[in-house]
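J.: Submitted below is the structure of interest, expressed as structure tokens.
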Number of protein chains: 2
Amino acid sequence: MTIEEALTTAESRTWIERGGTPAAPGNGRLRPLGLREVTLRDGFWRQRQQTNRAKSFAHIEYWLEKAGWLNNFSAPPEERSGREFSDTEVYKFLEAMAWEYGRTRDPAVEQRYRRIVARVVAAQQPDGYLNTNFGRPGQQPRYTDLEWGHELYSFGHFIQAGVAAARTFGDDELVAAAVRAADHVCDVFGPGGIASVCGHAEIEPALAELYRVTGNRRYLDQAKLFVNRRGHKTLADIEFGRAYFQDDVPIREATSLRGHAVRAVYLAAGAVDVAVETGDGELLGAVARQWRHAVARRTYLTGGIGSRHQDEAFGEDFFLPPDRAYSETCASVGSVMLAWRLLLAQGDPRYADLIERILFNVIATSPADDGTRFFYANTLHQRVLGTEPSADTQVPRAASTLRASWFEVSCCPTNLARTFASLAAYVATTDDDGVQIHQYTPSSITTTLPDGREIGLEIDTEYPADGRITIRVVTSPDTPWTLSLRVPDWAAGATLDGLAITRGLVQSRRRFTAGDTLVLQLPVRPRLVAADDRIDSVRGQVALVRGPVVYCLESVDVPRGVDFGSLRLDPHTEPVDRDGAVVVGCRSATPADHDWPYQPVAAAPGTGPLLKIPLRPYHRWARRGPSTMRVWMPLTSER
Amino acid sequence: MTIEEALTTAESRTWIERGGTPAAPGNGRLRPLGLREVTLRDGFWRQRQQTNRAKSFAHIEYWLEKAGWLNNFSAPPEERSGREFSDTEVYKFLEAMAWEYGRTRDPAVEQRYRRIVARVVAAQQPDGYLNTNFGRPGQQPRYTDLEWGHELYSFGHFIQAGVAAARTFGDDELVAAAVRAADHVCDVFGPGGIASVCGHAEIEPALAELYRVTGNRRYLDQAKLFVNRRGHKTLADIEFGRAYFQDDVPIREATSLRGHAVRAVYLAAGAVDVAVETGDGELLGAVARQWRHAVARRTYLTGGIGSRHQDEAFGEDFFLPPDRAYSETCASVGSVMLAWRLLLAQGDPRYADLIERILFNVIATSPADDGTRFFYANTLHQRVLGTEPSADTQVPRAASTLRASWFEVSCCPTNLARTFASLAAYVATTDDDGVQIHQYTPSSITTTLPDGREIGLEIDTEYPADGRITIRVVTSPDTPWTLSLRVPDWAAGATLDGLAITRGLVQSRRRFTAGDTLVLQLPVRPRLVAADDRIDSVRGQVALVRGPVVYCLESVDVPRGVDFGSLRLDPHTEPVDRDGAVVVGCRSATPADHDWPYQPVAAAPGTGPLLKIPLRPYHRWARRGPSTMRVWMPLTSER
């Protein structure tokens, strides 16, 4: 089957009609919806999706030009600028535009997309190779630095952009170029070729996804080969150890996600793709176990991952200091990709629980309200006032403590762009018997079950501000089907149409009629949580969470004259909702200054009068100028 | 005055007779003793000093050859190996040998020293330039990378080796070469020359010390120029910010030590040297204030500094997580250099308090008992079993969690070597009126006051195991003089000859007679300490300290079947000394495993029966095979 043929099969045409979707497995418990099957309406996410297209797209293109990374595709090698992986920011931007086009059919988006595709594809070599950093005169030869060169990683993002194009534009020159690139990769790294892997996973899910688009099994086989090869110490033992690129232990034998967090979740996502397409239950089970381990022991309250700055890596179990938490935005993007794939494969609602937590506390936190500045790292405790870099400054990786316009390693802005453009995909799924709603946001869902039955739903809610979620049936067949709703793990006391329901999934199977309405009530009242005792760095502290939203204390909310660092939360005062904030009772407890900060154990410092202080959603922090901030708060009743 | 003349002045000859000393200011409250004026006798430090010479010297030379760093001085540029600063390991080794020779006059040490000096000096260019990494065909030109090239840093260590040679061997070819190097540096970076500084401070104290040796004011002026230039943003704004190399704020305006910890303390040491020699009270006051700030807010319980792996830097105030504490060995070496200079300048015993804490808890911790393996970083909480690198492996910087033979950046072994060789210098000082004893270890002190009065003392003690310190007068003039003894800040309840004394300094001025004996009793019984409330990462935890020695819990001391991570210290049980350990009462409190580690605040997990578990000195950790370890322990009475 040629690519032209593959893209005109019924399934391909269906995806294009449906607006495409970021992962389309051939097997699994749940089936994803297309980006045109779910329309976000005004609410928390719609606004961010609009800003993404209206502001972030232009911002990204401006910076890709300004930094020279777009120009690299036509510039002579000696004029190349940017890090070794800067091509991928262009590819992720193309992917974002493809999803945005799939969703909106906006001709302005198509125009911008085609203009950039033409420049990129022109740089592809006749043998399919494409990378502006290697292989040309004066450059390092191809594939001479698999540890750090990011060549296959770059191909991965290129192919993933091609997959998005195939599912949204259909056959176009990016798709053809992605196929040529994939063939090249298979030629060079296939059986009998270079028997190694890339220091940064990404080619794995990309090839598996290209298999899904083209039906060409060669790509799946190559993805599987890459997944199986890794972990056998084929890469060099670098300063951070081989765990950094997951080459320390084969993925089937590993017990947790580990090493560089982005690499870890990209690899795991690819492994799920391979497992699902090849029916490899052992591999799927291994990844699911590692995910469970990492969620239980290596994940921040915000859903963020990666506690170490130096190697952007997961720490050991329970090493989750809020101070200088790294929690890279891109690691959360990848974590959504992984949890989504596991959800489609296994249907367990806890995968969607994590997606929700990440969306509200990392993905929503990173971009500025105007969509032109971004957090690269998402700390949970900011001790000093940051300085906002000027708008025209490209800052190093995670150096800025405030949102920055662009980075030397600028992976986060484009990763957010593709996430926001494809956000609707994560709202709901179908199976043979009905629809499952995973994320609650104002939206319209119109889909067709595999047997042809059409279903239309409207979700109305002010969630997460309010816990009432109304689901109205707009279209329904006259046969019974099942509506499944996720009841988040934190939602003890939830009700459906007034009846108490347990956490997990609540399923209504019946003959629905247009106009039927279900009311899900999730108890989003503020609650205090404490961490597992083994997370030593937050011992004796609590955090306030409301629904899926983590709150924080910001210095700009502390009355003048009160020392931010001295505040403790008084657990005997009930937290109260007020104007989007939650007001808690705090008392000041200023420790004595000593020349030496370690003194004989003494009574706790006396606490001052009760102060009512608003905590606000963590995703709103640092939007009112520089501030100091903390998510975890000590208690007055502790020493 | 020529260098030959300078080295034959009475003062120079006196230093050579006295065995040299690592910092010899021309002004200040206290005057250092020479390495032959204080002889360590069998005890805690003597043994380590012997191992340094008997084992570490050969180990270091072996590795300098094996890694090619010694060979670099004769090899053609294309064969050069090692990082850009690898020359300095040779220089620090030369410095160590000079002090060792000063102390012992050991001809074997002299032989080894001369052999290496000849190889090094042969590489010096006619204009005084010396660096195997720059300026030759195929290499980067001189001084084109002041941020990262470490050229002046390398000159600093070279000159410092020359200073050590001048104070121990007297005039020799290393001294002459150091003078040529210093002249070159002044020519190139003096008024009208390159108006910048080096990314890594070190040239500053070296030039000031060379001024002290040679009397040539040009070197002092250049040191002053470097100190004053820094902080005016002359270096580039790197990923870690200019604070990394203290180029963010002029040293007179800074409020704390900050940035890369080794750079910070080397710079501050140089600034003290400049301040003392130029009578610059403002500069001295500024450094002393920054030191006080850093000790009160940026120093680990062990005395170690630098909490961040990524940039080996001080964190913000109270950012002192024990987990993954960096606490680089070299930063502690530099911190001793700084505190020692401040002590000589101002006489305040708290400087010696910090030196003691660092010596017992970092300097004593780093080397293996056989002197051939070293900790680069000195964490306070080890969560997983490390793997010991094989003896012939050069490991990256701080990658190893166990002591390693050699590092790609191998600054620590040679820094320890020069510290151990010159350790006797830190025991005592003199002023016009007598002798001050700062560190308590079995030793003999024989010195002459400026007015010619001879004093001899013997110190007998098993400190820090035991708190009884006997000081016997062996030689005394028949006029009154003052014996000052440091009473550590932790030593509440200390007595001198049975009388209660306060912490700080206790001074006895009288007409001593040979045979007079004073008995200082320091209460070294175990005590629990808690951290300042703002060090959030150890909230609700305590540490056990005994005298100056920090203790820790190691997994190898936990009974089989008891989970190391579950142990809490029961504060109602009295810690008891037993066989070099301190036995404390602990109880197991195992938290429930959850899929998500953040749960509603609940009652504390139940605790198990009382277990008697030995804590051992932190400096003894990881000497019985791999172990997990923690200094800070949660309490049973906390949630």
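J.: Applying 1/(1 + (r/R0)^6) with R0 = 22 Å to the Cβ-Cβ distance of residue B:29 and residue B:510, what FRET efficiency is obtained, to the nearest 0.05?
T.: Values: r = 21 Å, r/R0 = 0.97.
With a Förster radius of 22 Å, E is 0.55.
J.: Output the direction-averaged projected area (hull surface divided by four) of the convex hull of the alpha-carbon atoms of segment B:594-639, in nm². It would help to have the intermediate numbers written out before the result.
T.: Values: hull surface 21.6 nm².
The Cα convex hull of segment B:594-639, projected and averaged over all directions, gives 5.4 nm².
J.: Another question, if that's okay. Quick one: the Cα spread of segment B:331-487 along its three principal axes, in angstroms, biggest first?
T.: For segment B:331-487, the Cα extents along the three principal axes come out at 60, 30, 25 Å.
J.: Something else: How large is the dipole of segment A:339-423 about the Cα centre if only Lys and Arg carry +1 and Asp and Glu carry -1, each at its Cβ, rounded to the nearest 20 debye?
T.: Numbers: 8 positive and 8 negative charges, 45 e Å.
The calculation lands at about 220 debye.
J.: So what J values fall out for segment A:349-359 if you push phi through Karplus, 6.51 cos²θ - 1.76 cosθ + 1.60 with θ = phi - 60°, rounded to Hz, Gly and Pro as x?
T.: Per-residue couplings from phi come out as x, 5, 5, 6, 4, 5, 4, 4, 4, 5, 4 Hz.
J.: Please name whichever of A:25, A:124, A:56 sits farthest to the positive end of the charge dipole of segment A:1-157, dipole taken about the Cα centre and charges placed at Cβ: Lys and Arg +1, Asp and Glu -1.
T.: A:56
J.: What's the average, rounded to a whole number, of partner chain beta-carbon atoms within 10 Å of each residue's beta-carbon in B:573-581?
T.: Rounded to a whole number, the mean comes out at 0.
J.: Looking at segment B:295-326, which residues lose a minimum of 50 Å² of accessible area between their chain alone and all protein chains in place, measuring with a 1.4 Å probe and not counting ligands or nucleic acids?
T.: Relative to the lone chain, where solvent access is computed with a 1.4 Å probe, segment B:295-326 loses at least 50 Å² at B:296, B:310, B:316, B:319, B:324.
J.: Using helices alone, I'd like the mean residue ellipticity at 222 nm for the protein assembly as shown: each DSSP H run of four-plus residues gives -39500 (n - 2.57), total over residue count, nearest 500.
T.: -10000 deg cm²/dmol
J.: Now, a different point. Assuming a ≥ b ≥ c are the square roots of the Cα gyration tensor eigenvalues, decide whether chain A counts as rounded (a/c under 1.5), prolate (otherwise, with a/b larger than b/c) or oblate. Each step should come with its number before you reach the end.
T.: Details: a/c = 1.72, a/b = 1.25, b/c = 1.38.
Note, shape of chain A comes out oblate.
J.: Shielding by partners for A:486-493, please: the mean number of other protein chain Cβ atoms within 10 Å of each residue's Cβ. Present the calculation step by step, with values, prior to reporting the outcome.
T.: Details: counts 0, 0, 0, 4, 4, 0, 1, 0.
Mean partner-chain Cβ count within 10 Å for A:486-493: 1.
J.: So, with a 1.4 angstrom probe, what is the percent of accessible area on chain A that is carbon and sulfur? If you can, show how the numbers build up before the last one.
T.: On the way: 10080 of 20640 Å².
Carbon plus sulfur share of accessible area: 49 percent.
J.: Continuing with the same structure: For a test of the definition: using alpha carbon positions, the gyration tensor, and the 1.5 limit on a/c, classify the protein assembly as shown as rounded, prolate or oblate. Mind dumping the intermediate values first?
T.: Numbers: a/c = 2.38, a/b = 1.64, b/c = 1.45.
The shape class here is prolate.
J.: Full-extension gain between residue B:499 and residue B:472, please, as 0.36 nm times their residue separation minus the C-alpha to C-alpha distance. Provide the component values of the computation, followed by the final result.
T.: Details: separation 27, 0.36 × 27 = 9.72 nm, distance 1.76 nm.
Working it through step by step, the gained length comes to 8.0 nm.
J.: Starting from the Cα of residue A:392, step 7 Å along the direction of its Cβ; do the same at residue B:517; then give the gap between the two resulting points in nm.
T.: 8.0 nm
J.: Taking amide H positions as placed 1.01 Å from N in the peptide plane, with prolines and chain starts having none, which residues 5 or more places from residue A:303, or on another chain, fall under 5 Å of its amide H?
T.: It is none; the list stays empty.
J.: Assign one of three labels to segment A:222-301, namely rounded, prolate or oblate, based on the Cα gyration tensor with a ≥ b ≥ c the square roots of its eigenvalues; rounded applies when a/c is under 1.5, prolate when it is not and a/b is larger than b/c, and oblate otherwise. Intermediate values should be presented prior to the final figure.
T.: Working: a/c = 1.99, a/b = 1.08, b/c = 1.84.
Oblate, since a/c reaches 1.5 and b/c is not below a/b.
J.: Taking 0.36 nm per residue of sequence separation and subtracting the Cα-Cα distance, how much length would be gained by fully extending the chain between residue A:348 and residue A:255, in nm to one decimal?
T.: Working: separation 93, 0.36 × 93 = 33.48 nm, distance 1.98 nm.
Additional length available on full extension: 31.5 nm.
J.: What dipole magnitude, in Debye to the nearest 20, does chain B give about its Cα centre under +1 on Lys/Arg Cβ and -1 on Asp/Glu Cβ? Let's see the in-between values first.
T.: Details: 73 positive and 79 negative charges, 245 e Å.
Value, rounded to 20: 1180 debye.
J.: Which ³J(HN,Hα) values, rounded to whole Hz and listed in residue order, are derived for segment A:178-185 from phi using the Karplus coefficients 6.51, -1.76 and 1.60 in 6.51 cos²θ - 1.76 cosθ + 1.60 with θ = phi - 60°, glycine and proline given as x?
T.: 5, 5, 4, 5, 5, 4, 4, 4
J.: Further, regarding this structure: Compute the relative contact order of chain A as a whole-number percentage, counting only Cα pairs closer than 8 Å that sit 6 or more residues apart in sequence. Intermediate values should be presented prior to the final figure.
T.: Details: 1391 pairs, mean separation 80.1, N = 639.
Averaging sequence separation for qualifying contacts and normalising by length gives 13 percent for chain A.
J.: What trypsin sites (Lys or Arg not before Pro) in segment A:481-576 are in a loop by DSSP, with at most 16 other Cβ atoms within 10 Å of the Cβ?
T.: Working: sites: A:486, A:503, A:509, A:510, A:511, A:527, A:534, A:539, A:546, A:560, A:568; in loops: A:503, A:511, A:534, A:539, A:560.
For trypsin sites (Lys or Arg not before Pro) across segment A:481-576 that sit outside H, G, I, E and B with at most 16 neighbouring Cβ atoms in 10 Å, the list reads A:511, A:560.
J.: Along each of the three principal axes of the Cα atoms of segment B:431-561, give the extent in whole Å, ordering the values from largest to smallest.
T.: Per principal axis, max minus min of the Cα coordinates gives 64, 34, 26 Å.
J.: Label residue A:140 and residue A:462 with points 7 Å out from Cα along Cα→Cβ: what is the distance between them in nm?
T.: 5.5 nm
J.: Based on Cβ point charges of +1 for Lys and Arg and -1 for Asp and Glu, what charge dipole magnitude is obtained for segment B:69-133 about its Cα centre, in debye rounded to the nearest 20?
T.: On the way: 9 positive and 10 negative charges, 56 e Å.
In total the dipole reaches around 260 debye.
J.: Now for a separate question. Which whole-number value in Å² is the accessible area per residue of the protein assembly as shown, probe 1.4 Å?
T.: On the way: 41260 Å² over 1278 residues.
Heavy-atom accessible area per residue stands at 32 Å².
J.: May I pose another question? Based on the mean of other Cβ atoms within 10 Å per residue, sort peptides B:577-587, B:259-269 so the most packed one is first.
T.: Details: B:577-587: 17.1, B:259-269: 28.2.
Per-residue mean Cβ counts within 10 Å order the peptides as B:259-269, B:577-587.
J.: Taking each residue of A:598-605 in turn, how many C-beta atoms of other protein chains fall within 10 Å of its C-beta, and what is the average?
T.: On the way: counts 17, 7, 8, 8, 2, 0, 2, 1.
That works out to 6 on average.
J.: Where in segment B:208-251 does accessible area fall by at least 20 Å² between the isolated chain and the complete protein assembly, at a 1.4 Å probe radius?
T.: B:239
J.: Interface A/B, total buried accessible area with a 1.4 Å probe, nearest 100 Å²? Write out the running numbers ahead of the final one.
T.: Values: alone 23400 and 23400 Å², together 41260 Å².
Summing both chains' loss of accessible area gives about 5500 Å².
J.: Here is a further query. Normalised radius of gyration for segment A:549-598, please: alpha carbon Rg relative to 2.2 N^0.38 Å, two decimal places. Write down the numbers at each step before the final one.
T.: Values: Rg = 13.4 Å, N = 50, 2.2 N^0.38 = 9.7 Å.
Against the empirical 2.2 N^0.38 Å value, I get 1.38 for segment A:549-598.
J.: Let me ask you something else. Over the Cα atoms of segment A:498-545, Rg to Rh with Kirkwood Rh, two decimal places? Write out the running numbers ahead of the final one.
T.: Working: Rg = 18.4 Å, Rh = 14.9 Å.
Over the Cα atoms of segment A:498-545, Rg/Rh equals 1.24.
J.: Determine ³J(HN,Hα), in whole Hz, for all residues of segment B:85-98 in sequence, where each value follows from phi through the Karplus function 6.51 cos²θ - 1.76 cosθ + 1.60 and θ = phi - 60°; x replaces Gly and Pro.
T.: Using θ = phi - 60°, the values come out as 10, 5, 3, 5, 5, 5, 5, 5, 5, 4, 4, 4, 5, 4 Hz.
J.: Quick one: net charge of residue B:319's neighbours, Cβ under 10 Å, K/R +1, D/E -1? Can you show the working numbers first?
T.: Numbers: positive: A:324, A:383, B:297, B:298, B:308, B:534; negative: A:323, B:316, B:317, B:536.
Net local charge, residue B:319 excluded: +2.
J.: Now a separate question. Near the amide H of residue A:140, under 5 Å away, which other amide H atoms are found, from residues 5 or more places off or on another chain, if H is placed in the peptide plane?
T.: Placed amide hydrogens put A:135 under 5 Å from residue A:140.
J.: Another question about this same structure. Roll a 1.4 Å probe over the protein heavy atoms and report the accessible area of residue A:451 in Å², nearest 10.
T.: Approximately 90 Å² of residue A:451 is accessible to the 1.4 Å probe.
The values are calculated or read from the model by the stated rules, or taken from the named source; none is laboratory data. From a predicted model like this one, the values you see are computed outputs, not experimental measurements. Neighbour counts are summed over all protein chains in view; Cβ atoms, including those assigned to glycine, are modelled from backbone coordinates with ideal geometry. Note: accessible area is taken over every heavy atom of the protein model, side chains too, but ligands, DNA and RNA are not part of it. Shrake-Rupley method; radii C 1.70, N 1.55, O 1.52, S 1.80 Å.
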